[in-house]
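In what follows, a structure is listed as structure tokens, so that the remarks can point back to it.
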Amino acid sequence: MNKHLQHCGAVLAILAAAGTTQAASLALHCGDSGKAGLEAKRIKAMAAGVVKRQSKHVLQVEAAGKTLKFTDKPPYDEPLDGERYAFCERKEGFILLAHDNGDELTGKLVNEATGKVGPGGDAVLLSADRRAYLATSQDNGRDGATWTVYALDGRQSWTGGDYLVHPTKPDYKAAELSEERWEANGELSAQAQCIEGKMAPWRVKLVKSGGAWNWHPHRKCPDA
């Protein structure tokens, strides 16, 4: 192979790698952000000069020339009351903050390019084209998480639980959802697993039909 072909091959390889990187979804998590001492370490490692703890109850974020302040609300030491913010992660121009408002463990998503603050969760998964994201949150005392899909500007498209509802018992779960991901065509998919029986898991996609969003394809679980 001559040098010219070698050079072209190297350029194509670089472009392919860049395209793959650009096409990947982006995940941010909060995890154990509330543990003492971890927030300061995370800020230093991922957001030095951008995020800082201005005081014990004020978190400051610099984005798009704006100074954003997130202030806790009393009572500060009541686990089911008040409001608290904490830094979670910063990746590729997005910052995820934990937001504990007493009844719900959720979050805020900061877009560094625009300085806008949108609803987040304890975890956020942005689509490959960055036009939408899935946020998961946990209500105190609730069995299971809430999943919500937003456009990048914060408009809500869909919200529901991390499960498939039982077809005849609205208050019961037929299957649990996990391993959520954004497909290449922009659809959100997840793995469904029947709660009862030994039925093999299958992948479902969130599809809009008749003006409503639902998970498809449907399969009948053993107890349904």
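The values are calculated or read from the model by the stated rules, or taken from the named source; none is laboratory data. All values reported here derive from a predicted model rather than from experimental measurement. Here the Cβ positions follow ideal geometry from the backbone for every residue, glycine too, while neighbour counts run over all protein chains shown. Accessible surface is based on the protein model in full, side chains and every heavy atom, while ligands, DNA and RNA are left aside. Shrake-Rupley method; radii C 1.70, N 1.55, O 1.52, S 1.80 Å.
Local charge for residue 59 was computed over the other residues whose Cβ lies under 11 Å away, with Lys and Arg +1 and Asp and Glu -1, and equals +4.
Distance between the pseudo-spin-label points of residue 214 and residue 155 (7 Å out from Cα toward the beta carbon): 2.4 nm. Ligands, DNA and RNA aside, residue 80 has an accessible area near 120 Å² when probed at 1.4 Å. In this simple spin-label model, placing a label point 7 Å from the Cα along the Cα-to-Cβ direction at both residue 50 and residue 81 gives a separation of 3.7 nm.
Positive end of the dipole of the chain (Cβ unit charges, origin at the Cα centre): among 124, 197, 214, the Cα lying farthest that way belongs to 124. Candidate values (i) 38, 23, 13; (ii) 32, 31, 15; (iii) 126, 16, 9 were compared with semi-axes √(5λ) of the Cα gyration tensor in Å computed on the shown model; the agreeing label is (ii). When you filter the chymotrypsin sites (Phe, Trp or Tyr not before Pro) in the stretch 70-169 for DSSP loop state and at most 14 other Cβ atoms inside 10 Å of their Cβ, you are left with 76. For residue 183 and residue 139, a Förster radius of 35 Å and the Cβ-Cβ distance give a FRET efficiency of 0.80, rounded to the nearest 0.05. Its DSSP H runs of at least 4 residues, each contributing -39,500 (n - 2.57), put the calculated 222 nm mean residue ellipticity of the chain at -4000 deg cm²/dmol, to the nearest 500. Cut-off under 24 Å on the C-alpha distance; same-chain residues fewer than 8 positions from residue 108 excluded. Which lysines are left, in chain and number order? Result set, ordered by chain and number: 35, 41, 44, 52, 56, 66, 69, 73, 91, 116. Heavy-atom accessible area for residue 216, with the other protein chains in place and a 1.4 Å probe, reaches approximately 60 Å².
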